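Engineer: Structure incoming, see below.
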Amino acid sequence: MRDDTMYEDEDVKEALKRLPEDAYNERLFRIKRALDLSMRHQILPKEQWVKYEEDRYYLEPYLKEVIRERREREEWEKK
């Protein structure tokens, strides 16, 4: 999934902390599976690929909230 490949800056790390436990565990499983396949020089079977239409941005709502809160905090600190 697209959100599995995001660079983990401070905002993304905070958003990951806010993910429901099942979504976080699913993400870890996908990343571990990708690392395992990479180490064995194998490709994920095509029937297991995520189709473009099925790809969901599961982290985006949490990330938007974190960014909004950070900007609000920065504005508050300016005053």
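Engineer: How large is log10 of I(q)/I(0) for the stretch 1-70 at q = 0.17, 0.26 Å⁻¹ when the intensity is taken from the Debye formula with one equal scatterer per alpha-carbon?
Structural biologist: -0.70, -1.24
Engineer: At a Förster radius of 22 Å, what calculated FRET efficiency corresponds to the Cβ-Cβ distance of residue 10 and residue 38, to the nearest 0.05?
Structural biologist: 0.25
Engineer: Count the lysine pairs in the chain that are 8 or more places apart or on different chains: how many have C-alpha atoms under 18 angstrom apart?
Structural biologist: 4
Engineer: Starting from the Cα of residue 67, step 7 Å along the direction of its Cβ; do the same at residue 19; then give the gap between the two resulting points in nm.
Structural biologist: The answer from the label model is 1.8 nm.
Engineer: Using a 1.4 Å probe, what is the accessible area per residue for the stretch 10-60, in Å²?
Structural biologist: 83 Å²
Engineer: OK, next. For labels at residue 51 and residue 30 in the simple 7 Å Cα→Cβ model, what's the distance in nm?
Structural biologist: Each label point is offset 7 Å from its Cα along the Cβ direction, giving 1.6 nm.
Engineer: Looking only at 43, 67, 31, which one moves most when the chain is put into a Gaussian network model with springs between Cα atoms under 10 Å?
Structural biologist: 43
The values are calculated or read from the model by the stated rules, or taken from the named source; none is laboratory data. Computed from a predicted model, the values in this text were never measured in an experiment. Note that we place each Cβ from the backbone using ideal geometry, even for glycine, and neighbour counts take in every protein chain shown. Note: accessible area is taken over every heavy atom of the protein model, side chains too, but ligands, DNA and RNA are not part of it. Shrake-Rupley method; radii C 1.70, N 1.55, O 1.52, S 1.80 Å.
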